[in-house]
Amino acid sequence: MDVEAGLVATKSLAIVYLAQKRHQSYVGRDSMQLLNRSLASLVPNYLWQHADDTDVLLLHETEFDEPSQAKVLEPYVGLPIKFVPIPSKYWSLPPWLASANNNASAHHKKLPPHSRFLMPNWKQISHYTVGYRHMIRFFTLLLWDFMRELGYTYVMRMDEESRLGSRVPFHFPSRMRREGVEYAYRQVSYESGGAGEHFHDFMREYLLSNENAWLEAATASAASTLWLFDSCKAPIMARQAQLTHDGAHDGSRAALVNASLALAANFSRLRCGEMYGVYNNFFVTRVGFWHRPDVQHFLRHVDRQSFIYTHRWNDILWHSATLQTFLPRAQARLYDDFTYEHASTRDNPASPLQGCWYYGGISQGRTDASDALELASSFRARFCPDVEPCVQRYVAAKPDGGAVSLVSLTAGSVVVEHPDCSSVPAWYLCDPGNADAATAHHPGKKVFFRAHQCAEQV
């Protein structure tokens, strides 16, 4: 079924996948097998319970013909899972980049050969295809328009490598409405768009050049001050925190404005370190948040600058920057009730059937009664043995009272950390001894493990 055929939502939540037969950038990955495994985890752990208010949309570039669709959907007859082709307006180069890369265009002839807008100069273009960058743009700013067009109020993303490892014990839209949450996620990835200061420079320049686009939300009250700056440790940050406190105490919005501008002027990777990023291969969000005028202003600026294509700055960065600039921290929530897995793998020449896990991982949920050691051992046994994951062992409160011992195994810069100091595991900078870990460069493994309270063994 497609949009042109009249797909109009009668339910509040769309769960979206980008479905493909073979991954364009990760050669050798069996995308069909991964999609089937992901769906097999989603159906019993969420969809069966909430099919009356949920559609699962397998978005694709028209590469699935009817027999291919029928093969995927065969185990799920009667469930609201459907293939939906992505309209070309949501999966194409923005006009200015299309023009720049059209040999016949006058605009192209005016560009110097070293221009970053020309495709041969795009970073990592030999590995990360144009389609991969379309995906980043889609999840950064076009998904919201597509979901509004279809009539959904909430959208949840699942990736082909996403798996729900235990039952989700609630209905996402109902809980989020009840708690005033606009965006929910499950894991965290610390990122900054590669080496150097470029991404932080971009954010600083936007904030200082577009004060009217973000200051109102940032200074409505002390509680709504940007949490984008919370990791920044230069002396001026402590001074501005005091100004913010004083401004809130005496009701002076001017003090809040001055504090916010000073924080923006000093925002850098050197002072603030890697950004706390939502690992957004899984998220649930209210579509309307992304259509707020201030949020749209930022996203359109991001699009026009084209770093998504020229530098492959990913949607983790853009989701995280948007949330931390325009949304109070309490309205973005790490939901840890259920076990979630997203493990990216590379080919393993020694054993083609057993990939080598290098990014992401598995995080046990508070309602998952599995033994933590058995869960960790079972997960590791599926991959080649050369990875050294961050192992987080912690005791968390059970939703129905009592406590439970949990485990999270992650690789790369992925961890489980709530964005404040009141939940477990807490943000790593809640421990003052970790302040030096927020440095100009991504910390080495030992520093990262120490700062995030990782063990080297389960």
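The numbers here are math on the coordinates, done by the rules we state, and not lab data. Computed from a prediction, not measured in an experiment: that's the story for all the values here. Because the Cβ atoms are built from the backbone with ideal geometry, glycine has one as well, and the counts that use them run over all protein chains shown.
Taking Cα centre as origin and charging only the Cβ of basic (Lys, Arg, +1) and acidic (Asp, Glu, -1) residues, the dipole magnitude of the stretch 338-451 rounds to 180 debye. Per residue, the average separation of C-alpha pairs within less than 8 Å and at least 6 apart gives the stretch 338-451 a relative contact order of 21 percent.
A dipole drawn for the chain from +1 and -1 charges on Cβ atoms has a positive end, and of Asn258, His418, Ile81 the residue lying farthest that way is Asn258. Cα centroids of the stretch 301-338 and the stretch 108-146: how far apart, whole angstrom? Using only Cα atoms to place each centre, the spacing works out to 18 Å. State the number of lysine pairs found in the chain whose Cα atoms come within less than 21 Å, restricting to pairs 8 or more positions apart or on distinct chains. Step by step, the pairs that qualify in the chain add up to 4. Over the chain, Cα pairs under 8 Å with separation of 6+ residues give a relative contact order of 17 percent.
Packing, as the average of other Cβ atoms within 10 Å across residues, places the peptides 396-406, 160-170 in the order 160-170, 396-406, highest first. Of all DSSP-defined beta bridges confined to the chain, some 65% are antiparallel rather than parallel. Computing mean projected area of the Cα convex hull in nm² for the structure here picks out one of [x] 24.8; [y] 27.1; [z] 23.4, namely [z]. Karplus-based coupling profile of the stretch 337-346, in residue order and whole Hz: 6, 10, 7, 9, 9, 8, 10, 7, 10, 10, with θ = phi - 60° in 6.51 cos²θ - 1.76 cosθ + 1.60 and x standing for Gly or Pro.
The calculated 222 nm mean residue ellipticity attributable to helices in the chain amounts to -9500 deg cm²/dmol, summing -39500 (n - 2.57) over DSSP H runs of n ≥ 4 and dividing by all residues. Dipole magnitude for the chain: computed about the Cα centre from +1 point charges on Lys and Arg Cβ and -1 point charges on Asp and Glu Cβ, it is near 720 debye.
Annotation: average projected area of the stretch 338-451 is 8.1 square nanometres, based on the convex hull of Cα atoms across all directions.
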